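Only the coordinates and a few stated rules stand behind these numbers; no lab work does. Note that this is a predicted model, so its numbers are computed, not measured. A quick note on method: Cβ atoms are made from the backbone with ideal geometry, for glycine too, and the neighbour counts reach across all protein chains shown.
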Ligand code: ACM
C-alpha cells in the first residue's frame with residue numbers, strides 16, 4: 001500500500017466517521033452530561049430524533065397545568081430547532097418523534113418532583129406523579145439535546161437523544177439560591193432570568209432578601225415611605241429601586257410556573273436602617289436615621305420594646321404573606337449586634353407569633369435559634385454550627401448555607417475582581433465538594449431540609465456581574481441538593497460541567513472559566 005493511498009483512505013475514514021457521528025449523534029445514554037446527575041440511567045444504544053413531525057402529547061385527563069408544561073417545553077425547543085412542535089391535548093395518539101407527558105400514581109416512589117423518562121427510537125415518554133415532576137423531567141430533555149438547543153435562533157441540529165430510561169428524584173426537598181436585591185437592586189426581569197437559571201438545574205426555591213440597611217425593596221401599602229424613601233438608596237449611592245406589589249406577585253407567578261417557591265425575607269431586628277430612615281416613629285428618639293450606602297453590618301436595630309415596632313412588623317408580614325403562596329416567611333435575624341440578647345429573644349418570639357398569625361411558618365438565619373422556636377421553624381445555617389444545633393435541640397430543621405462553601409458572593413480565588421472573601425475563596429471544586437449531611441457532625445441527614453446558596457450583592461451592580469458569580473457554581477449546588485452524596489465525585493462532575501460551558505454560553509451568560517475544568521473539549 002503506498003503512502004498516498006493510505007492517506008486518502010485515512011482521510012476518507014475520518015470524513016465518513018465524522019459524518020456518521022453527526023448523522024446519528026451519541027448513542028449511549030449512560031454517557032450523558034446531565035446536571036444534577038440522575039439517580040438511575042439505563043442505556044439501550046439507539047437514538048431518538050426530533051423532526052418536523054414531532055409534537056408534545058399531553059395524555060387526556062391530565063391536570064390543566066400539564067399543557068402549560070408542554071408549552072414551556074415547546075417554547076424552549078421551537079426557537080432553536082425551528083421544528084414547530086405543537087402541544088396536543090385532544091387525545092391524539094403519539095407518533096414517531098413525539099414527546100408524551102403522563103401523570104400517573106402507579107410509581108409513587110418518584111415523589112413530588114421525581115420523573116421517569118423512557119426514550120425509544122420512536123417516542124419519549126415522560127411520566128411523573130405530580131406536574132412538578134414533569135417540569136423537572138423536561139429539564140433533563142433540554143440537557144440531553146445539544147447545547148445549541150438553548151439558542152433563540154434556528155440552529156442546524158440534528159436534534160438527537162440516545163435511547164434508554166432515566167428514573168430520577170431529588171435527595172432534598174429544598175434546593176435553592178438567595179438573591180440580595182438590596183445592596184444593589186435587581187429588577188423583575190433580572191429576577192426572572194435568575195429563576196430560569198434555577199429551573200434549568202431543577203432547583204425549587206428562590207429566597208429574596210428584600211430589606212436591609214441600604215434599602216427597602218417591596219412596596220408596603222400601609223407604610224408607603226418604606227419604598228418612597230427607603231427604596232431610593234443602594235450601596236455606593238446608586239438609585240436603588242423596589243418591586244411594586246404587582247411586580248412581586250408577577251415574580252411569584254413566574255416562579256410558580258417553574259415549580260419554584262419564593263421565600264420573602266424581611267431582615268430584622270438588625271439590618272433595618274432603611275426602615276429606620278423612612279419612619280422617625282420607629283426610632284426610640286423619634287428621629288429618622290440617615291440613609292446608609294456603605295457595607296458595614298451590625299449597627300442598626302428595631303426598637304424591640306416599642307409597640308409601634310410590632311404594629312409595623314405585623315403590617316409588613318401581613319401584606320407580604322398575602323402575596324406569597326409558599327409556606328415560609330424569612331425573618332432574617334442575623335448580625336443583630338446592636339440588639340441586647342434579651343431584647344433579641346423577646347423580639348424573635350413575638351415576630352414568630354406574628355408570622356404564624358398570618359398563616360406562614362418561620363425561617364431565619366441561624367441566630368434565631370437563641371429564641372424559643374416554633375415546631376415548624378427552619379434555621380438557615382450560615383455561620384455558627386452551634387446555633388443550628390441549638391435549633392435542632394428544639395426540634396427545628398436546618399437549611400444548609402455554610403458561608404465557607406455556599407456563599408455565591410465569595411470570590412473564586414484571590415484574583416477574582418467581583419465578590420468578597422471574608423468567609424473563604426470558593427473555587428468551583430470547593431463549592432461542589434461538600435456533603436450537607438456530614439459537614440457538621442451534630443447536623444445529620446434527618447435534620448436537614450436542603451441546601452441554599454446565597455448571593456449577596458455588595459460588589460455586583462449588574463445582573464451580568466451576578467451571573468459571573470453564580471456560574472458555574474450554581475449547577476454544583478443544584479447537584480448537592482438533588483443527587484445522593486454517594487453518587488457524587490468531583491472528578492466525574494467536572495467532566496459533565498465542562499459540557500455545560502457551551503450551554504451556559506448559549507444562554508448568554510458570561511461565566512467564570514475556572515482553570516479546574518477543561519471547557520470547550522470536543523466531543524463532550
Ligand atoms: C449573613 O450572611 N449575614 C446571613
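Here are the numbers:
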| read-out | value |
| --- | --- |
| Residue tally, condition part of a loop (DSSP other than H, G, I, E, B) and buried (at least 16 other Cβ atoms within 10 Å of the Cβ), over region 26-73 | 15 |
| Residue 332, sole failed condition from (1) under 20 Å from residue 223 (Cα atoms); (2) without any contact (Cβ under 8 Å) to a residue 40 or more places away in the chain; (3) within 14 Å of the ligand (Cβ to nearest atom) | (2) |
| Subset of region 336-354 that is assigned to a loop (DSSP other than H, G, I, E, B) and buried (at least 18 other Cβ atoms within 10 Å of the Cβ) - its residue that is farthest from the ligand (Cβ to nearest atom) | 339 |
| Conditions (1) in a loop (DSSP other than H, G, I, E, B); (2) surrounded by 18 or more Cβ atoms within 10 Å (Cβ to Cβ): number failed by residue 76 | (1) |
| Restricting region 355-369 to residues that are buried (at least 24 other Cβ atoms within 10 Å of the Cβ) and assigned to a strand (DSSP E or B), the residue that is nearest to the ligand (Cβ to nearest atom) | 365 |
| Filter result for the condition that a residue is within 16 Å of the ligand (Cβ to nearest atom), surrounded by 18 or more Cβ atoms within 10 Å (Cβ to Cβ) and part of a helix (DSSP H, G or I), over 255, 274 | 274 |
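Conditions (1) touching a residue at least 60 places away in the same chain (Cβ under 8 Å); (2) away from the ligand (no atom under 16 Å from the Cβ); (3) in contact with a strand residue (DSSP E or B) (Cβ under 6 Å, 6 or more places away or on another chain), marked per residue:
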| site | (1), (2), (3) |
| --- | --- |
| 270 | yes, no, no |
| 284 | no, yes, no |
| 293 | yes, yes, no |
| 299 | yes, no, no |
| 311 | no, yes, no |
